[in-house]
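First the structure, in the form of structure tokens, and then the observations on it.
The values are calculated or read from the model by the stated rules, or taken from the named source; none is laboratory data. Note that this is a predicted model, so its numbers are computed, not measured. Backbone-built Cβ (ideal geometry, glycine too); neighbour counts: all protein chains shown. SASA here: full protein model, heavy atoms, side chains in, ligands and nucleic acids out. Shrake-Rupley method; radii C 1.70, N 1.55, O 1.52, S 1.80 Å.
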Amino acid sequence: MRQYSRLQSSLQGNRERSILKITIVGAGAMGSLMTARLSLAMRSQSREPGSTPELERVLLYGRPSAHLDAVRARGLQLTERDGQTTTVKLEVSSTPSDVVGSDLVIVLVKAWASADAMAPLRTHLTRDTVVLTLQNGLGNAAAIRTALMNNGVRPHVWLGVTTQAAIRTAPGKVRHTGDGLTAIGRRTPEVNDRLSNLAAALSDAGWKTVAVEDIHRWVWRKLAINAAINPLTALARVPNRAISSDPELRKAAGTVAAEVVKVAAATGVRLNGEQVVAAVDEVARATGDDQSSMLIDLVNGMRTEIDAINGQVVRHARRHNVPVPTNDLLSRLIHAYEHGHRPADGSREGASYADIEAAIRG
Ligand code: KPL
């Protein structure tokens with residue numbers, strides 16, 4: 001009888017095909033980091049006669065950029081948390097048809113880019129492709145599902161959150177800054193074999209992952225963390241640690257998180273308020289030297305994820321009549337900042353890390 005690997009049975013439902021292809025959509029810091037981890041795992045698979053390598057292709061798909069060009073030309077220069085740097089060769093593409101044959105597509109684009117990034121892939125994926133979002137914020141799965149809807153066929157979109165953290169320090173260069181946990185789940189509260197096999201396979205590949213029944217609680221908890229840390233660090237221009245060490249920011253972050261907990265409860269997701277505030281503090285300290293993604297986006301003149309984070313809190317709050325004045329104010333302030341500082345001709349992709357550090361000190 002044919003033996004199927006965990007990853008094969010997870011993604012292919014024991015279909016007669018052994019070649020597995022994973023595509024990561026979004027060539028930012030996180031997408032690049034995850035592609036590097038999976039590519040290294042693919043290359044270290046046993047090639048002994050008689051053994052079936054389970055991973056055949058790992059592709060990083062993203063829009064054309066200086067970063068993608070640099071990775072294509074020289075590989076990804078990856079700096080680990082201990083400071084060690086290695087160069088990892090990655091297969092990269094900006095051509096939608098290159099995703100054909102993907103068994104798993106992991107989405108790591110900015111939340112506001114979900115629809116635009118996924119729509120060109122619609123005719124190149126099949127109804128059997130599993131799509132997993134690991135993006136920040138709320139509403140990503142729905143946006144992806146709508147963008148991929150093909151002749152009425154909806155793809156399987158699984159939900160996930162990750163507390164892994166990475167930053168792009170220059171085109172072609174990424175630093176892994178936080179070694180976190182990834183949780184994956186489905187809309188229905190069940191963990192089936194496919195989900196737990198995928199979690200185990202990702203963990204084996206060096207990307208610590210758990211399959212959970214209550215993914216919505218994980219998503220809302222991460223939302224509270226981002227809602228509290230991202231806009232406050234972006235507006236105050238401080239690294240994440242200040243959310244824990246500065247009494248004013250700490251208090252403001254607690255207020256933001258408490259509002260998110262109330263809105264989550266109104267939508268039927270129960271979170272423990274004290275635990276959420278403690279988690280905000282823990283993440284702020286664990287990623288203390290880092291800049292939040294929203295601070296980096298603002299300094300780069302790029303659109304931020306405010307609508308998918310605090311904006312979604314405000315949207316759900318309105319629907320359930322929950323007052324969220326702090327989330328509302330932060331959304332407005334970030335929008336005002338975006339309007340005032342975004343260059344008319346689009347973003348300045350690739351401001352250097354030194355630019356960002358200078359902006360924070362200045
Ligand atoms: O996810 C993050 C982000 O910056 O978007 C945190 C957890 C705040 C780490 O910086």
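Flag: Arg72 does not match the condition of being in contact (Cβ under 8 Å) with a residue 60 or more places away in the chain, open to solvent by 50 Å² or more (accessible area, probe 1.4 Å), of a type outside the set (Ser, Thr, Tyr) and closer than 25 Å to Ala165 by Cβ. For Glu213, which of the numbered conditions (1) in contact (Cβ under 8 Å) with a residue 40 or more places away in the chain; (2) assigned to a loop (DSSP other than H, G, I, E, B); (3) more than 13 Å from the ligand (Cβ to nearest atom) fails to hold? Here Glu213 clears every test but (1). For segment 284-333: of the residues being out of contact with any strand residue (DSSP E or B) (no Cβ under 9 Å at 6 or more places or on another chain), outside any helix (DSSP H, G or I) and of a type in the set (Asp, Glu), which is surrounded by the most Cβ atoms within 10 Å (Cβ to Cβ)? Looking at the filtered set, the residue picked out is Glu305. Determine which member of the set Thr95, Thr123, Thr86, Thr35 is touching a Leu at 6+ places or on another chain (Cβ under 7 Å) and surrounded by fewer than 15 Cβ atoms within 10 Å (Cβ to Cβ). After applying the criteria, what remains is Thr86.
When residues in segment 187-233 are screened for being open to solvent by less than 20 Å² (accessible area, probe 1.4 Å), among the polar types (S, T, N, Q) and under 17 Å from the mean Cα position of the chain (by Cα), 3 of them pass.
Scanning segment 242-250 for residues that are in a loop (DSSP other than H, G, I, E, B) and open to solvent by less than 20 Å² (accessible area, probe 1.4 Å) turns up nothing. The residues of segment 10-32 that are open to solvent by 30 Å² or more (accessible area, probe 1.4 Å) and at pLDDT 65 or above amount to a single one, Met30. Residues in segment 255-308 that are of a type in the set (Ser, Thr, Tyr) and within 14 Å of the ligand (Cβ to nearest atom): Thr287, Ser292, Ser293, Thr304.
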